[in-house]
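A.B. asks: For reference, the structure I am asking about is given below.
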Amino acid sequence: QVQLVESGGGLVQAGGSLRLSCVASGRTFSNYAMGWFRQVPGREREFVASMNWNGGNPYYADSVKGRFTISRDNAKNTVYLQMNSLKPEDTAVYYCGARMYNSDYDPRQYHFWGQGTQVTVSS
């Protein structure tokens, strides 16, 4: 089992920035690819960004490309999502997910999830 805990969400004005963190425990973090997803009520969980177990292959949804950056620190068992130039349409609950080795954009491929952190962007 891998336990994931997200933090860093909050309320921010459009154009502002937030950095989300996801701390993992329970298994060898460096074996796991990590992904960030988001969800609004009534809609499916949406891919945001992902990264392989070794920090390779960072991949982004078109809607966040150039504004968001995923990174990881395996020594701290933590994956980050730096979010800049935030827009009201970025408002959602953000989740981190973990799967073995290589990342994927499909949330169904992830085996472990955190509880989520709310991000609200006001106009």
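A.B. asks: For a quick check of your reading of the model, give me the residue pairs whose first member lies in the range 94-123 and is on the phi > 0 side of the Ramachandran plot, whose second is in a loop (DSSP other than H, G, I, E, B) and surrounded by 15 or more Cβ atoms within 10 Å (Cβ to Cβ), with beta-carbon atoms closer than 9 Å and at least 6 apart or on different chains.
C.D. replies: So the pair list comes out as Tyr101/Asn52; Tyr101/Trp53; Gly116/Gly9.
A.B. asks: If we keep just the residues of the range 103-123 that are of a type in the set (S, T, N, Q) and either surrounded by fewer than 15 Cβ atoms within 10 Å (Cβ to Cβ) or touching a Leu at 6+ places or on another chain (Cβ under 7 Å) (or both), which is farthest from Met51 (Cα to Cα)?
C.D. replies: The first filter runs over the range 103-123 and keeps only residues of a type in the set (S, T, N, Q), leaving 103, 109, 115, 117-118, 120, 122-123.
Now restrict to residues that are either surrounded by fewer than 15 Cβ atoms within 10 Å (Cβ to Cβ) or touching a Leu at 6+ places or on another chain (Cβ under 7 Å) (or both): 115, 117-118, 120, 122-123.
Details: Gln115: 20, Thr117: 19, Gln118: 22, Thr120: 24, Ser122: 29, Ser123: 30 Å.
So, considering only residues that are of a type in the set (S, T, N, Q) and either surrounded by fewer than 15 Cβ atoms within 10 Å (Cβ to Cβ) or touching a Leu at 6+ places or on another chain (Cβ under 7 Å) (or both), the one farthest from Met51 (Cα to Cα) is Ser123.
This table checks each residue for (1) of a type outside the set (Asp, Glu); (2) closer than 18 Å to Ser103 by Cβ; (3) modelled with pLDDT under 95.
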| residue | (1), (2), (3) |
| --- | --- |
| Ser7 | yes, no, no |
| Leu11 | yes, no, no |
| Ala14 | yes, no, no |
| Ser25 | yes, no, yes |
| Trp36 | yes, yes, no |
| Gln39 | yes, no, no |
| Ala49 | yes, yes, no |
| Trp53 | yes, yes, yes |
| Gly56 | yes, yes, yes |
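A.B. asks: What number of residues within the range 1-16 are closer than 13 Å to Thr91 by Cα, open to solvent by less than 50 Å² (accessible area, probe 1.4 Å) and outside any strand (DSSP E or B)?
C.D. replies: 2
A.B. asks: Only strands (runs of 3 or more DSSP E) wholly contained in the range 34-123 count here; list those with 2 or more residues that are over 12 Å from the mean Cα position of the chain (by Cα).
C.D. replies: Result: 92-100, 117-122.
A.B. asks: While we're looking at this one, here's another question. Looking at Arg72, Arg19, Arg45, Arg27, which one is surrounded by 15 or more Cβ atoms within 10 Å (Cβ to Cβ), charged (D, E, K, R) and within 16 Å of Thr117 (Cα to Cα)?
C.D. replies: None of the others qualify; the one that does is Arg45.
A.B. asks: Going by the structure shown, is Ser63 among the hydroxyl-bearing types (Ser, Thr, Tyr), at pLDDT 95 or above, loosely packed, with under 15 Cβ neighbours inside 10 Å and out of contact with any strand residue (DSSP E or B) (no Cβ under 6 Å at 6 or more places or on another chain)? Explain how you work it out, then say what you get.
C.D. replies: Values: among the hydroxyl-bearing types (Ser, Thr, Tyr): yes; at pLDDT 95 or above: yes; loosely packed, with under 15 Cβ neighbours inside 10 Å: yes; out of contact with any strand residue (DSSP E or B) (no Cβ under 6 Å at 6 or more places or on another chain): yes.
So Ser63 passes the test.
The values are calculated or read from the model by the stated rules, or taken from the named source; none is laboratory data. Everything numeric in this text was worked out from a predicted model, so none of it was measured. Cβ sites come from the backbone with ideal geometry, for glycine too, and all protein chains shown count toward neighbours. Keep in mind that these areas ignore ligands, DNA and RNA; they rest on the heavy atoms of the full protein, side chains included. Shrake-Rupley method; radii C 1.70, N 1.55, O 1.52, S 1.80 Å.
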